[in-house]
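Q: One structure coming up, written as structure tokens, with questions to follow.
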Amino acid sequence: MGIETQLGNNVLTTSLEKLVNWARRSSLWPAGFGLACCALEMIVAAAARYDLARFGMEVFRPSPRQADLMIVAGTVTKKMLPAVVRIYEQMPEPKWVIAMGACASTGGIFDTYATVQGIDQYLPVDVYIPGCPPRPEALIYGILKLHEKIGKEKLVER
Amino acid sequence: MGDISTMTLNMGPQHPSTHGVLRVILELDGEVVVKATPDIGYLHRGLEKLAESKTYHQCIPLTDRLDYVAGMSNNLAYVLAVEKLLGLEVPPRAQAIRVLLCELQRIASHLFWLGTHAHDIGAMTPLFYALRERDEILFLFERVCGSRLTPSFFRVGGLAQDLPEGFEEKCREFTLSFPAHVDEYETLLTQNEIWMRRTRGVGSISAEEAINQGLSGPILRASNVNWDLRKAFPYSGYEKYEFFVPTGKKGDVYDRYLVRLMEMRQSNEIVRQALDRIPGGPVIVQDPKFVYPPKDRVQQSIEALIHQFHLASSGFPVPSGEVYAGIESPKGELGFYLVSDGSNKPWRFRVRPPSFFNLSSLSTLVQGRLVADVVAIIGSIDIVLAEIDR
Amino acid sequence: MDLDSIVNRVKGSFPGSLLQASVSRGEIMLHLRSEDILPVCRFLHNDSQLAFDYLVDLFGVDFHPRDPRFQVVYHLRSLKTKERLWLKVSLPAQAPRVASLTPVWKAADWLEREAFDMFGITFEGHPDLRRILLPPDWQGYPLRKDYPLRG
């Protein structure tokens with residue numbers, strides 16, 4: 001009915017929202033933010049076997065100003081916290097945060113004077129990936145969940 | 001000469017090439033580094049204090065997270081210290097398996113170092129090749145203990161359990177194919193003009209300075225000091241294996257690269273020898289004070305259940321005293337000091353981290369070099385911040 | 001080298017500085033007077049026979065509520081002779097201070113900063129004694145026994 005019957009199989013129609021969300025989630029560029037042990041599994045996820053390039057994410061931008069995803073991989077200590085928050089603020093909108101691993105989610109096994117008990121106390125986290133460290137497949141699963149979340153976003157809210 | 005003012009440049013703590021959260025404050029005169037001051041502590045998690053509130057067994061997972069690139073080595077150093085304090089004799093099968101796993105771990109650690117070091121200097125291909133082999137080793141570890149990165153496999157008195165079926169075959173396959181892979185990395189880098197220009201003569205340190213600074217591991221050996229704890233104070237049966245310890249001549253970045261490549265080949269040799277010689281027998285000391293009873297007995301006998309519960313909840317008391325146990329980890333001399341007050345928790349848990357000493361030489365190594373060399377030099381020291389900061 | 005020969009050499013050059021000497025699990029441990037640590041270490045380093053050229057480690061221990069409260073442990077090694085030696089000094093709870101060993105081993109630099117950071121022990125003569133692992137404005141010394149785990 002309507003315009004689709006006139007166009008045949010040559011043209012795709014969609015809503016602007018779906019198009020924008022598809023573009024955003026298909027090439028999320030992470031800011032390289034490995035802090036501790038989880039960073040190793042993140043690097044392995046970007047390497048040849050658990051290829052993150054399949055999701056358009058192999059470019060880990062060194063500068064946060066060119067990134068739209070921050071994967072907090074590792075323990076956040078009180079000395080490091082101002083740097084983490086500043087890097088988050090330097091990222092342009094739209095931006096997302098994944099808390100990878102037990103330490104970033106809740107402080108992990110380090111319930112001590114020097115450790116922040118979860119980065120969500122200071123930053124809005126979109127996806128938590130549990131594990132110590134989570135396997136590269138777990139990281140990829142978390143990223144796919146983030147893709148789903150981005151797919152459901154409304155343009156006007158952002 | 002006039003007033004030379006320098007520019008202060010901050011490198012890190014978020015930086016792709018610092019291998020972790022390291023901050024280096026560089027004072028530059030143009031591109032030349034006048035002074036470099038490392039600022040550490042961004043990963044200080046309070047691990048030594050945390051260990052004082054855990055029983056001796058509960059400290060084993062904490063040690064995994066020190067040098068996270070080489071989990072098995074940290075476990076070994078720690079359990080050796082506790083065993084020394086208790087005066088335990090580890091059965092020969094457990095010793096042989098410990099050597100096997102630690103040498104595999106050395107290869108994995110050096111592979112990761114090779115990939116990231118080359119990547120920092122601009123050679124991106126070795127990273128993918130090295131991580132491919134490292135994944136093979138991590139699969140072997142997963143077969144043994146269930147975890148790729150944080151094994152917690154050794155126990156006080158031996159191992160958590162025996163090697164699974166099929167492990168020895170897979171491990172042997174790996175040792176047969178590995179030397180060809182090292183040849184691959186060598187074809188990419190060793191005679192590569194760009195690699196040699198970036199690494200030869202860069203960041204060298206003399207033997208006397210290296211000793212005075214407390215350096216250890218490949219960085220000390222590259223400066224022509226033949227010191228390896230596996231040969232000097234052998235532990236866990238290392239005296240039974242035939243291998244040589246490579247040393248460099250000039251102590252520059254290129255020599256450190258060559259030393260580590262040769263160490264990978266030697267470790268492969270040791271793994272092959274260990275596979276041929278693992279004796280039979282128990283994998284843990286047969287002493288009920290420190291060792292859990294077998295699981296099937298726990299499910300059937302009340303005494304075994306009580307025993308298991310007691311060990312799991314409150315551990316075992318250790319006679320008072322102090323001890324040091326050091327091993328040759330892939331980064332250098334990793335040691336643990338334990339001071340015991342006779343209770344079931346350590347009174348003082350001190351880690352002697354090799355990367356702490358190795359990094360303290362950074363200001364000497366980069367003096368007068370260019371900014372681009374700083375990255376090459378930090379990579380060649382091979383640091384792990386979690387070990388430095390604890 | 002056995003316990004007696006090292007004790008005699010130290011006593012010979014520094015009478016009165018050696019408070020106690022023992023062997024524990026194969027390691028020789030000498031307990032020294034804290035004022036004498038720098039000259040004794042210089043001697044141990046420079047002497048051609050002993051040649052303790054390698055400082056393996058330096059750290060503090062808090063024995064609260066025992067008195068003297070603090071102890072600084074030095075672990076020395078000679079790469080030439082493969083000998084090992086532990087030195088210990090005891091420090092009081094109030095204003096613990098001891099001489100810095102940076103003139104003898106450069107490795108002592110960062111190690112003493114860490115002992116200062118974690119225990120509050122002052123090392124006199126250290127070129128740059130400030131916190132190394134914790135932020136510079138941190139209050140308190142975490143590895144002391146009266147400092148809570150969670151801060």
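A short reminder: the numbers here are calculations on the coordinates, not readings from a lab. These figures come from a predicted structure and were not determined experimentally. Note: ideal-geometry Cβ built from the backbone for every residue, glycine included; neighbour counts use all protein chains shown.
Q: Taking the beta-carbon count within 10 Å as an exposure proxy, list A:81, C:149 from fewest neighbours to most.
A: Listing A:81, C:149 from fewest to most nearby Cβ atoms yields C:149, A:81.
Q: Using the Cα atoms as the points, what is the convex hull volume per residue of the range C:3-124 in Å³?
A: Once divided by residue count, the hull of the range C:3-124 is 103 Å³.
Q: Next question. State, to one decimal in nm², a quarter of the convex hull surface area for the C-alpha atoms of the range C:16-65, i.e. the direction-averaged projected area.
A: Its average projected convex-hull area is 4.9 nm².
Q: Still on this structure, I have one more. What whole-number volume per residue, in cubic angstrom, does the convex hull of the C-alpha atoms of the range C:74-117 give?
A: It is 80 Å³ per residue.
Q: To continue, here is another question. Label 7 Å along Cα→Cβ of residue B:125; the range A:24-62 residues with amide nitrogen under 16 Å?
A: A:48
Q: Take residue C:150, project a point 7 Å from its Cα along the Cβ direction, then tell me which residues of the range A:111-125 have their backbone nitrogen under 14 Å from it.
A: Correct set: A:111-118.
Q: Need one number: % antiparallel among DSSP beta bridges in the range C:3-124, to the nearest 5.
A: Of the beta bridges lying entirely in the range C:3-124, close to 75 percent run antiparallel.
Q: Cα-based Rg of chain B per 2.2 N^0.38 Å, rounded to two decimals?
A: 1.03
Q: Quick one: Debye curve from the alpha-carbon atoms of the protein assembly as shown only, equal weights, vacuum; give me log10 I(q)/I(0) at q = 0.06, 0.07, 0.09, 0.11 Å⁻¹ to two decimals.
A: For the requested q values the scattering log ratios are -0.36, -0.49, -0.81, -1.22.
Q: Could you put B:155, A:135 in order, starting from the residue whose Cβ has the fewest other Cβ atoms within 10 Å?
A: Fewest to most other Cβ atoms nearby, the residues stand as A:135, B:155.
Q: Let me ask something additional. Once you keep just the Cα pairs under 8 angstrom separated by 6 or more residues, what percentage relative contact order results for chain B?
A: 27 percent
Q: Across 10 Å bins from the origin, how do the percents of Cα pairs in the range B:265-380 run, short distances first?
A: Spelled out bin by bin, the range B:265-380 gives 10, 20, 24, 25, 12, 6, 1 percent.
Q: Give me the one-decimal nm value for the distance between modelled label points at residue A:58 and residue C:3, 7 Å along each residue's Cα-to-Cβ direction.
A: 6.5 nm
Q: Next question, about the same structure. Could you tell me which of the pairs C:80/C:106; B:84/B:170; B:331/C:82 are separated by over 25 angstrom between their Cα atoms in the structure shown?
A: B:84/B:170
Q: Now, a different point. Can you tell me how much longer the chain between residue A:27 and residue A:111 gets when fully stretched, taken as 0.36 nm per residue apart minus their C-alpha distance, in nm with one decimal?
A: That works out to 26.7 nm of additional length.
Q: Applying 1/(1 + (r/R0)^6) with R0 = 60 Å to the Cβ-Cβ distance of residue A:17 and residue B:27, what FRET efficiency is obtained, to the nearest 0.05?
A: Computed FRET efficiency for residue A:17 and residue B:27: 0.70.
Q: Then there's this: Under 20 Å Cα to Cα from residue B:49, which lysines show up? Leave out anything in the same chain fewer than 8 places away.
A: A:78, A:79, B:345, C:145
Q: Also: Expressed in nm to one decimal, what extension gain is obtained for the pair residue B:309 and residue B:372 from 0.36 nm per residue of sequence separation less their Cα-Cα distance?
A: Full extension of this stretch gives 17.0 nm more.
Q: A follow-up question, please. Taking each residue in B:350-358, count the Cβ atoms of any other chain within 10 Å of its Cβ, then average. What number comes out?
A: For this peptide, the per-residue mean of nearby foreign Cβ atoms is 3.
Q: So for B:331, B:35, fewest C-beta neighbours within 10 Å to most, what's the order?
A: B:35, B:331
Q: Starting from the eigenvalues of the Cα gyration tensor, five times each then square-rooted, give me the equivalent ellipsoid semi-axes of the range A:1-145, largest first, whole Å.
A: Sorted largest first and rounded, they come to 34, 16, 13 Å.
Q: As a test of the formula, what do you get for the protein assembly as shown when each DSSP H run with n ≥ 4 contributes -39,500 (n - 2.57) and the sum is divided by the residue count, at 222 nm and rounded to the nearest 500 deg cm²/dmol?
A: The per-residue figure over the protein assembly as shown is -12500 deg cm²/dmol.
Q: Additional query: Could you sort C:42-52, A:60-70, A:93-103 so that the peptide with the highest average Cβ count within 10 Å comes first and the rest follow in order?
A: Peptide ranking by packing, descending: A:93-103, A:60-70, C:42-52.
Q: What is the gain in length, in nm to one decimal, between residue B:8 and residue B:242 on full extension, counting 0.36 nm per residue of separation less the C-alpha to C-alpha distance?
A: Taking residue B:8 through residue B:242 to full extension adds about 79.3 nm, to one decimal.
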